[in-house]
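The values are calculated or read from the model by the stated rules, or taken from the named source; none is laboratory data. These numbers come from a predicted model, not from an experiment. Every residue, glycine among them, receives a Cβ derived from its backbone with ideal geometry; neighbour counts consider all protein chains shown.
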Amino acid sequence: MTALNCTETVTEPHGLYQILVGAAGRAKTRGRFEIVRLNRPGRRLDASMQARVIDCFARTTDALYQADTSFHWRSRTDYFGTLDVLWAVFLDRQLVGFTGIRTLHGAGERIVYIDNMNVHPVPHKVFGRHTIGSMLVHEILWATVPLAGPPMSVVFRTQNPSVYRLAYAIHPTAVYPRVMQAQPRDEARSKRVVDFLAATLSPDKVFENDISVIRNAYGGHIYGRPESSPASLKPALAKYWKEHVRLEAGDAVLISVCPTHAEVRGIVWRYLKALARSTFTRWLAALTESRRAGRETSL
């Protein structure tokens, strides 16, 4: 599926990329992609800009999930005010992914809550093994990597089983709930984190912490179709979703990743090494091409 041209809905010269960068968003190149990070979007985007960005997000998720997702966005009247950072990924200035994060303190942790990650399928990786979703998560970890203080955990709330695979890829033994293995590494810590997040995000909803599901978390099934076909999921993951998550009722799973400080730093270090290798390879290829073109011109 191709990326949505949000300049169709956020007209030039106020396209989505221009709005975010114009509001002091910081753009960085990652392979063929650009990633824009906007801190405190609720303060930096005025009401008109927020309405335009929400319109673009709704149209993006409509196209991505082949469904009317506007009910979800209409229900989030202060979406930007709840975020600490808004992240967006562009390919040729077309939106191909976005998410927001909140940093909370509770349950003895610094918790990075990743809200509403939506990513278009594209036919190539950002660099190395990293997809758009993986790149976004690792950029968020890099921006929040702990040097000291309380433990840091990462939490997703989702109806989409593909997000579990993304969390599992961060650190397989630190993920809760467990669907690939019977016992989490630190079940008590994991349950403290998801209990706190459930009470913070959905204080009036029923939360079943043994399966980490918030009942009726959303107004319904956000996705008009599964983003992942059952054949693309591991049987244990497909079975977990089928048995525990009532999508039409709006149920959502809280997925936590609870690594140690050293593990987070190791994850970020490996990402930065892969990024450096990719950057050097692209630079070397560009230099080689430039020299080749120069030789042909001199002939």
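The residue that is surrounded by the fewest Cβ atoms within 10 Å (Cβ to Cβ), counting only those in the range 94-110 that are touching a residue at least 60 places away in the same chain (Cβ under 8 Å) and farther than 17 Å from Leu166 by Cβ, is Gly108.
In the range 231-244, which residues are under 14 Å from Tyr164 (Cα atoms) and either modelled with pLDDT under 75 or aliphatic (A, V, I, L, M) (or both)? Answer for the range 231-244, where residues must be under 14 Å from Tyr164 (Cα atoms) and either modelled with pLDDT under 75 or aliphatic (A, V, I, L, M) (or both): Ser232, Leu233, Ala236, Leu237, Ala238. Of all residues in the range 187-217, exactly one satisfies the criterion of being among the aromatic types (Phe, Trp, Tyr) and either touching a helix residue (DSSP H, G or I) at 6+ places or on another chain (Cβ under 8 Å) or outside the structural domain of Gly250 (by TED's automatic domain parsing) (or both), namely Phe207. Among the residues of the range 1-31, those identified as assigned to a loop (DSSP other than H, G, I, E, B) and at pLDDT below 95 are Met1, Thr2, Ala3, Asn5, Thr9, Val10, Thr11, Glu12, Pro13, His14, Gly15, Gly31. Residues in the range 251-299 that are among the acidic types (Asp, Glu) and closer than 30 Å to Asn216 by Cβ: 1 in all. Restricting the search to helices (runs of 4 or more DSSP H) fully inside the range 127-203 and requiring at least 1 residues that are over 29 Å from Lys273 (Cβ atoms) gives 161-170, 187-201.
Figure legend. Inter-residue proximity from the range 55-83: first residues under 18 Å from Gly220 (Cβ atoms), second residues among the charged types (D, E, K, R) and assigned to a helix (DSSP H, G or I), beta-carbon distance below 6 Å, spacing 6+ or different chains. Indicated pairs: Thr69/Asp62. In the set (1) at pLDDT below 90; (2) exposed (fewer than 13 other Cβ atoms within 10 Å of the Cβ), the condition left unmet by Tyr218 is number (2).
The criterion of being modelled with pLDDT of 95 or more and over 25 Å from Trp241 (Cβ atoms) holds for His105.
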